[in-house]
1. Does segment 54-66 contain any residue that is at pLDDT below 90 and hydroxyl-bearing (Ser, Thr, Tyr)?
2. Which residue, of 74, 24, is of a type in the set (Phe, Trp, Tyr) and not in a helix (DSSP H, G or I)?
3. I'm checking my understanding of the structure. Among residues of segment 30-43 that are part of a loop (DSSP other than H, G, I, E, B) and free of Cβ contacts under 8 Å to residues at least 24 places away in the same chain, which one is farthest from residue 62 (Cα to Cα)?
4. Out of (1) of a type outside the set (D, E, K, R); (2) at pLDDT 90 or above; (3) under 25 Å from residue 147 (Cα atoms); (4) outside any strand (DSSP E or B), the odd one out for residue 102 is which?
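The values are calculated or read from the model by the stated rules, or taken from the named source; none is laboratory data. The structure displayed is predicted, hence computed values, not measured ones. Cβ atoms come from the backbone with ideal geometry, glycine included; neighbour counts cover every protein chain shown.
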Amino acid sequence: MNGEHHYKLTTKWTGNQGTGTSNYRKYERSHTIMVDNKTDILASSDPAFRGDTTKHNPEDLLVASMSSCHMLWYLHLCSEAGIIVTDYIDNATGIMIETANGSGHFTEITLNPIVTITEAAMQDKANELHKKANELCFIANSVNFPVHHNAVCRVGEENL
């Protein structure tokens, strides 16, 4: 899996209400994110910045990217280690602070995965693999803030 990978998408602003950006309050922040052969993502800005509460915003998508990248690496590592995962859910959170100039930045993301595995003897190893997944996660390696993990590992047969 060596090499350079390229990603291409189109972001189209759909919030022109007839007068463009003639006034800060006269345009919507709505936009569509399009990737060939994939479902469009209807997006907006965060509601705090005049966005639509029913649409995803860039901040949501950053937290989602971190959570899903970690999950995919974690499942890969478990598979290689012989750990059978039958369920995985993460209630991820992120904190962004605004700065004096109106900009802002994330200060942290916390992943809270709840993982169900089939064998109690594998619980310690399953917990350890979150650290390795974080080290390998493309998104975690691309940000300049900490990514915390509050993982819970259960033993059971959910969704088997």
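1. yes
2. Matching residue, one of 74, 24: 24.
3. 37
4. Residue 102 satisfies all of (1) of a type outside the set (D, E, K, R); (2) at pLDDT 90 or above; (3) under 25 Å from residue 147 (Cα atoms); (4) outside any strand (DSSP E or B) except (2).
For every residue, the table says whether it meets (1) in contact (Cβ under 8 Å) with a residue 40 or more places away in the chain; (2) closer than 22 Å to residue 149 by Cβ.
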| site | (1), (2) |
| --- | --- |
| 18 | no, no |
| 26 | no, no |
| 60 | no, yes |
| 67 | yes, yes |
| 70 | yes, yes |
| 88 | no, yes |
| 92 | no, yes |
| 96 | no, yes |
